[in-house]
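To start, the structure itself, in structure tokens.
The values are calculated or read from the model by the stated rules, or taken from the named source; none is laboratory data. Owing to the predicted nature of the structure, the values given are computational and were not obtained by experimental measurement. As a convention, Cβ positions derive from the backbone with ideal geometry for all residues, glycine included, and neighbour counts pool all protein chains shown.
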Amino acid sequence: MGEARILVVDDDRQIQRVMRTSLEAQRYEADQAGSGEEAIERFHSGRYDLILLDINLPGVTGLEACRKIRLSSDVPIIIMTVRDTEKDKVEALDAGADDYVAKPFGMPELLARIRATLRRNPRAEPGATRLKLGDVEIDFEARRVVTPTGQLRLTSKEYDLLSYFASHPNRPLTHRELLNAVWGPDYGEEHEYLRVFVNRLRKKIESCPKSPKYLLKEPWVGYRLELPKA
């Protein structure tokens, strides 16, 4: 793909150098930061297509930096960490990350995740530009959820997932189909990704997220977007 601008955030200078060299060899433009504070400062002073963000940073942690960036941007974020339990993955995704990679990782694996995160999947594009669910309206062109109390921003992966649901309404979609369509063909078993992102979407499109009317779970299968009958 190449030509995207990536911010690498890690307090290990050697890792910074290796990653920057590897990214530039793939024609990406790479900047670097060594702390959460510096990451936030660089993010606000520049334009980035993706952020690679280590969790264990001095001062402001990677999770805190992720949450702060998410307050104003839907830029794709991949969390990097030595912690690899499901709880850690859910915590990173809940903070607003789009993907998660465990250290130590090989550069081919990281580059594949970067390509998957940057790739716009045409199968996820909705047929309509707007979708109305009760008193909530989704504007796919603006990537906004409009509610009676204001507007909410969709992150890139929230947008991709909701777009895919909207393109395939009223039928069960398996975990594997959703993961393949939104994250890429190398994904299929990461059910925790869907749990987190579906919960995030419910908070934006459902009047009562704990008792959803539209974004429904299909036990042992996956999820379904139930659209109101015309």
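Within the stretch 1-22, can you find the residues that are of a type in the set (A, V, I, L, M), modelled with pLDDT under 95 and over 21 Å from residue 84 (Cα atoms)?
Of the stretch 1-22, the ones of a type in the set (A, V, I, L, M) are 1, 4, 6-9, 15, 18-19.
Adding the requirement that they be modelled with pLDDT under 95 leaves 1, 4, 15, 18-19.
Once the filter is applied, which keeps residues that are of a type in the set (A, V, I, L, M), modelled with pLDDT under 95 and over 21 Å from residue 84 (Cα atoms), the stretch 1-22 yields 1, 4, 18.
Output the residues belonging to the stretch 44-70 that are surrounded by 21 or more Cβ atoms within 10 Å (Cβ to Cβ) and charged (D, E, K, R).
Matches in the stretch 44-70: 54 only.
Taking the stretch 89-103 as the region of interest, how many residues are within 12 Å of residue 55 (Cα to Cα), out of contact with any Phe, Trp or Tyr (no Cβ under 7 Å at 6 or more places or on another chain) and of a type outside the set (A, V, I, L, M, F, W, C)?
3
Report yes if some residue within the stretch 172-183 is outside the structural domain of residue 80 (by TED's automatic domain parsing), under 25 Å from residue 69 (Cα atoms), touching a residue at least 40 places away in the same chain (Cβ under 8 Å) and polar (S, T, N, Q); otherwise report no. So that I can check it myself, show each step before the final result.
First pass over the stretch 172-183, keeping only residues outside the structural domain of residue 80 (by TED's automatic domain parsing): 172-183.
From the residues that got through so far, the ones that are under 25 Å from residue 69 (Cα atoms) too are 179, 182-183.
Narrowing the set further to residues that are touching a residue at least 40 places away in the same chain (Cβ under 8 Å) leaves 182-183.
With the extra rule that they be polar (S, T, N, Q), the set shrinks to none.
No, that holds for no residue.
What is the number of the single condition among (1) closer than 15 Å to residue 145 by Cβ; (2) without any contact (Cβ under 8 Å) to a residue 40 or more places away in the chain; (3) in a helix (DSSP H, G or I); (4) not charged (D, E, K, R) that residue 212 does not meet?
Condition not satisfied by residue 212: (3).
Could you tell me which numbered condition residue 43 fails, if it satisfies all but one of (1) under 14 Å from the mean Cα position of the chain (by Cα); (2) modelled with pLDDT of 90 or more?
Only one criterion is unmet by residue 43, namely (1).
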